[in-house]
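Student: Please see the structure below; I have some questions.
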Amino acid sequence: FQANLRGAAVARLSGAAAALGFASTNVKARSHLLHSFAAPAVPSGAHRVERNLALARALGFDGPAPPPRLPDFDAETRWARERLGPASGPVFLFHAGVSAFGAFKRWTDEGFAELARRAAPAFNARVLFSWGPGERDLAERLAARAGSGAAIAPECPSLRHAAGLLRAANLLVAPDTGVLHLADALGVPVVGLFGPKDPAVYGPRYAPRRCVLSNAHCSPCEKRTCDDRRCMRAITPDMVMAAIEELRGDIAHGAP
């Protein structure tokens, strides 16, 4: 599934009788030369889910992409709602953190803070900055910068608790990072912020969703790192507010 030379080498050296991989037009570094047989080619702009399904289809799977199947997380959702307290309007989670590897996908502090200042009164919402390991300082800084309408989300002791927190929310706004795709799989309305990556290929596809794509001339790109990040800086709070507004009806229906 990695479509690169290292993954193809591991598959070939695993001792398996055969190694299935992607067609030559869908791989990097000529890794298809190590495959025993290849799946039919898919268009370069196909969503990653559809590309990966090509391997399953080569083994006989037929039909559309199945929806995500996740645990119910009921206990963790109750845990989250207890910590959030009585509902007095929708809960918006803003997640600013990204991995070190994906640092160039991060939106600006100024953008998140301004968005929180505007979204809270516009939707009578409670804005909470969610955070993972090593991100608490970032969440606290953004909440302080946003003012009285924002706070930090409760600490999640596990990924299951993070899923419960998402299920207790009405909306998530996040860049292209794991939390965005977990919320999408859980059916939570999401607004994804995309700069270097193409949302048609990497974006959410299951929950009520909007993707804000940068209008920078270089976006999307094939880079793995970037010191400029002009594509993410080009995303404005106005653009994100417009995307949230388009989800107003889904937000009003409450958490899943």
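The values are calculated or read from the model by the stated rules, or taken from the named source; none is laboratory data. Computed from a predicted structure; not experimentally measured. Glycine gets a Cβ as well: all are built from the backbone with ideal geometry, and neighbour counts include every protein chain shown. Side chains are part of the model used for accessible areas, which takes the heavy atoms of the whole protein and leaves out ligands, DNA and RNA. Shrake-Rupley method; radii C 1.70, N 1.55, O 1.52, S 1.80 Å.
Student: Based on alpha-carbon centroids, what's the gap between region 114-132 and region 201-228 in Å, whole number please?
Tutor: Result: 22 Å between the Cα centres.
Student: Roughly to the nearest percent, how much of the accessible area of region 97-220 is carbon and sulfur, given a 1.4 Å probe?
Tutor: 53 percent
Student: Obtain the nm distance between the two label points defined at Glu222 and Ala9 by a simple spin-label model: each point lies 7 Å from its Cα along the Cα-to-C-beta direction.
Tutor: 2.1 nm
Student: What accessible area per residue, rounded to a whole number of Å², is obtained for the chain using a probe radius of 1.4 Å?
Tutor: With the other protein chains kept in place, the chain gives 51 Å² per residue.
Student: Counting other Cβ atoms within 10 Å of each Cβ, which chymotrypsin sites (Phe, Trp or Tyr not before Pro) in region 38-135 have at most 14 and sit in a DSSP loop?
Tutor: Sites meeting the loop and neighbour criteria: Phe61, Phe101.
Student: May I ask you to list the lysines whose Cα is less than 19 Å away from that of Lys28, ignoring any residue fewer than eight positions away on the same chain?
Tutor: By straight Cα distance, Lys28 reaches Lys197, Lys223.
Student: Additional query: How much of His95 can a 1.4 Å solvent probe reach, expressed as accessible area in Å² and rounded to 10?
Tutor: Approximately 10 Å² for this residue.
Student: Computed from the coordinates I sent, semi-axes √(5λ) of the Cα gyration tensor in Å equals one of (i) 29, 19, 18; (ii) 36, 21, 17; (iii) 33, 25, 19. Tell me the label.
Tutor: Checked against the structure: label (ii).
Student: Using a cut-off of 12 Å between beta-carbons, work out the net charge of the residues near Glu76 (Lys and Arg +1, Asp and Glu -1, Glu76 not included).
Tutor: Counting the neighbours of Glu76, the net charge comes to +2.
Student: Per-residue ellipticity at 222 nm for the chain, helices alone: DSSP H runs ≥ 4 residues times -39500 (n - 2.57), over residue total, nearest 500 deg cm²/dmol?
Tutor: Rounded to the nearest 500, it is -11000 deg cm²/dmol.
Student: Net charge around Val27, counting only other residues with Cβ within less than 12 Å of its Cβ (Lys, Arg = +1; Asp, Glu = -1)?
Tutor: Combined, the nearby Lys, Arg, Asp and Glu give +4.
Student: Summing +1 for each Lys or Arg and -1 for each Asp or Glu, what net charge is found among the other residues whose Cβ lies under 11 Å from the Cβ of Gly164?
Tutor: +1
Student: Per-residue accessible area for Glu140 at 1.4 Å probe radius, Å² rounded to 10?
Tutor: 80 Å²
Student: Can I ask one more? Suppose R0 equals 25 Å; then what is the FRET efficiency for Asn124 and Leu159 from their Cβ-Cβ distance, rounded to the nearest 0.05?
Tutor: It comes out at approximately 0.25.
Student: So for the chain, averaging the separation of alpha carbon pairs under 8 Å that are six or more residues apart and normalising by length, what relative contact order in percent results?
Tutor: 17 percent
Student: Have a look at Leu20, Leu171, Leu180 and tell me which one the Gaussian network model of the chain (Cα, springs below 10 Å) gives the largest fluctuation.
Tutor: Ranking Leu20, Leu171, Leu180 by mean-square fluctuation puts Leu20 first.
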